[in-house]
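Below is one structure, written out as structure tokens; the observations come after it.
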Amino acid sequence: MCGICGIISPSAPIEPDLLDRMTDCMSHRGPDARGTWISSDRRIGLGHRRLSIIDLDPRSNQPFFSDDGSVVLVFNGEIYNFTDIRKELEDKGHRFRTTSDTEVIVRAYAEWDLECVRRFRGMFAFGLVDQTRKRVWLVRDRVGIKPLIYSNWKGVLSFASDIGALSDFGLCDTELDLSALYDYLTYLYIPAPKTAFRHIRKLEPGHWLLWEDGTTTIRRYWDISVFGENIVDEDTAVKRVRDLLDEAVRLRLVADVPVGVLLSGGMDSSSVAYYALRNAVQPLHTFSVAFAEKSFNEVEYANTVAKMIGSRHVVEQYDLSRARSETTERMFAYGEPHGDVSIFPTTLVCDMARRRVTVALSGDGGDEVFWGYTRYLQYARYCGTKAWGELARRLLVSIPAATRGRWYLGVRVRRDLDLYVHLTQGFARDEKARIVRPEIMREFRNYDDCWAYERHWRTDLPLRARLQYLDFKNYLPDDILAKVDRASMTVSLEARVPLLDHKLVEEVFSWPDSIRSDGRTLKYIFKKAMRGILPDVILTKPKQGFCPPWFQWTKDWPELRVTRGKGRFFREGTRLPNSYPLFVLHHWLASRGWQL
């Protein structure tokens, strides 16, 4: 796990000091080693910060060079099947000088060119320079576990793992993208390919960008392509879930440093912990966060699993006093507004783990792969109901945002994708109009508020698969995985996500909806697979998100919420809902000088 960056500047030489500062601003992503390289004509430069996981030998430090020096690589992530690829390459005559997965990428590129990425099983973002062909190749993993941010401004292509490595050093114009800030209210994160900055973009999951002698091309190399065509019976599906998860966890235990598990107490992380113990070659550490507020606390379930598997379990409590001391740091961890309040406990559990291990497995992705969100049931229930009419819509607008009755009225008034925005706690257009300045709202009078959903709304799929695919392409990479990456990298921990192994994802989605879910039971086939393995209390407990008690905190610390809008974005003097996403946006805009 590392931080990477690069500059391609055909018309002007690169200043070494600029590349050094870009590289060092990501020191938290890689505290073990640093390296930079600038081509002989000073037109291309790469930077790397290393968190050593596999092959701790300094010969595996980056930037990494091919034998003749013509190919140069900076790489963030892990290729879990690198030993299999290495053997295949050795059979073709390649001779390796390290035991790292980094060298496997360089030699795979030499053998298979751009097609090599299809052989990689893992999480990765990398930048590869081929000086002979005058090309730069940027690649992001299939699911979007690792970030890759880029800018192509005035003929200069730059990229990095963090937005700040581009926005803070004059590599491009840092004009804010007003449409992205408007989108943030809809989704509570900024959907790819946008960022908060007009000239900075996210490379989307499963895509690569090729810069070749001044011309830039972006292409998708992977997507879920088979839905419901692999007819299996339930017993076969149960066995395959167990086998696929066992393999995915086993691959992610490969490391030359200690490995643990982030154990929330839900069935996803509990299942990962069980298979980690089965495959571990050393004592297994597990880590959990407790909250003083009982309704938010799952630690008793985590303790049950830890006791069952016999792990070395560590628990720490997260409370308001700690949140006060960390608010600004957590709020600005992304380099742009991001409205997921679970960044607080996620960073704590990563910090707990980092004190004892360097790699930790998490249970993220289980809801998207195995139909686990309550909103799937809610959408199926309400999407076909008849709208209640204009009077109901007006009534909805008049009810305060935090009122419980407003949510129930909303599900009966919202239609289609607006309903899904409502179910994910986002702000619909009429709600934005209450809090955003009228002149800004006028700029978006013909705007498709749900464009990021529309582009992945597969009407050819059954509703269950359609909703999962929607989250898999939006919420999962842009919210959940972005959060896990920032939380873990803040404390220099590598987080691995077995449930998002692309082989597992492809096979599970290939089964009919009726096998994956009965339409009533969340994670139906996953629960059947883990029955008899995990305690029944883990499989039958109500679903609970990994969130701190924000509303309780704001009662005890009113400064933690924004009460009145002001500045260039929010309506002057308007009472804003007590919402963490609005709190973040308000303070982030102020940090950029948008609060006058």
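Suppose we filter 38, 8, 79 for residues that are buried (at least 21 other Cβ atoms within 10 Å of the Cβ), aliphatic (A, V, I, L, M) and either over 24 Å from residue 211 (Cβ atoms) or free of Cβ contacts under 8 Å to residues at least 60 places away in the same chain (or both); which single one remains?
The conditions single out 79.
Filtering segment 413-435 to residues that are part of a helix (DSSP H, G or I) and touching a Phe, Trp or Tyr at 6+ places or on another chain (Cβ under 7 Å) leaves 413, 417, 419, 420, 423, 435. Scanning segment 171-198 for residues that are touching a residue at least 24 places away in the same chain (Cβ under 8 Å), assigned to a loop (DSSP other than H, G, I, E, B) and in contact with a helix residue (DSSP H, G or I) (Cβ under 9 Å, 6 or more places away or on another chain) yields 171, 172, 174, 188, 189, 190, 191, 192, 195, 196, 198.
Among the residues making up segment 137-153, those that are among the hydrophobic types (A, V, I, L, M, F, W, C) and either farther than 16 Å from residue 76 by Cα or within 19 Å of the chain's Cα centre (by Cα) (or both) are 138, 139, 143, 145, 148, 149, 153. Checked against (1) out of contact with any Pro (no Cβ under 8 Å at 6 or more places or on another chain); (2) without any contact (Cβ under 8 Å) to a residue 40 or more places away in the chain, residue 282 passes all but a single condition, namely (1).
A quick yes/no check of all residues on (1) crowded, with 19+ Cβ neighbours inside 10 Å; (2) closer than 30 Å to residue 291 by Cα; (3) of a type outside the set (Val, Ile, Thr):
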{"position": "469", "(1), (2), (3)": "yes, no, yes"}
{"position": "487", "(1), (2), (3)": "yes, yes, yes"}
{"position": "500", "(1), (2), (3)": "yes, yes, yes"}
{"position": "505", "(1), (2), (3)": "yes, no, no"}
{"position": "516", "(1), (2), (3)": "yes, no, yes"}
{"position": "521", "(1), (2), (3)": "no, yes, no"}
{"position": "537", "(1), (2), (3)": "no, yes, no"}
{"position": "540", "(1), (2), (3)": "no, yes, no"}
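Answer with yes or no whether residue 546 is farther than 30 Å from residue 317 by Cα, aromatic (Phe, Trp, Tyr) and touching a residue at least 12 places away in the same chain (Cβ under 8 Å). Considered against the rule, which asks whether it is farther than 30 Å from residue 317 by Cα, aromatic (Phe, Trp, Tyr) and touching a residue at least 12 places away in the same chain (Cβ under 8 Å), residue 546 comes out as no.
Note on segment 537-578: among residues that are hydroxyl-bearing (Ser, Thr, Tyr) and modelled with pLDDT under 90, the one that is nearest to residue 341 (Cα to Cα) is 554.
No other residue among 113, 91, 101 is modelled with pLDDT of 95 or more and under 23 Å from residue 140 (Cβ atoms) apart from 113.
Just one of the listed residues (478, 513) is in contact (Cβ under 8 Å) with a residue 24 or more places away in the chain and within 29 Å of residue 351 (Cβ to Cβ), and it is 478.
Considered as a group, the residues in segment 310-333 that are surrounded by fewer than 15 Cβ atoms within 10 Å (Cβ to Cβ) and among the polar types (S, T, N, Q) include one that is farthest from residue 588 (Cα to Cα), and that residue is 317. Filtered by the rule that a residue be in contact with a Ser or Thr (Cβ under 9 Å, 6 or more places away or on another chain), at pLDDT 95 or above and surrounded by fewer than 20 Cβ atoms within 10 Å (Cβ to Cβ), segment 164-188 gives 177, 180. For segment 294-303, the tally of residues that are β-branched (Val, Ile, Thr) and surrounded by fewer than 16 Cβ atoms within 10 Å (Cβ to Cβ) stands at 0.
For every residue, the table says whether it meets (1) β-branched (Val, Ile, Thr); (2) crowded, with 18+ Cβ neighbours inside 10 Å; (3) on the phi > 0 side of the Ramachandran plot.
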{"position": "74", "(1), (2), (3)": "yes, yes, no"}
{"position": "89", "(1), (2), (3)": "no, yes, no"}
{"position": "93", "(1), (2), (3)": "no, no, yes"}
{"position": "138", "(1), (2), (3)": "no, yes, no"}
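Taken over segment 208-225, the criterion of being out of contact with any Phe, Trp or Tyr (no Cβ under 7 Å at 6 or more places or on another chain) and either within 18 Å of residue 458 (Cα to Cα) or not β-branched (Val, Ile, Thr) (or both) is satisfied by 211, 212, 213, 214, 220, 222, 223, 225.
The values are calculated or read from the model by the stated rules, or taken from the named source; none is laboratory data. Every value quoted in this text rests on a predicted model; they were computed, and no experiment measured them. All Cβ positions, glycine included, derive from the backbone under ideal geometry; neighbour counts span all protein chains shown.
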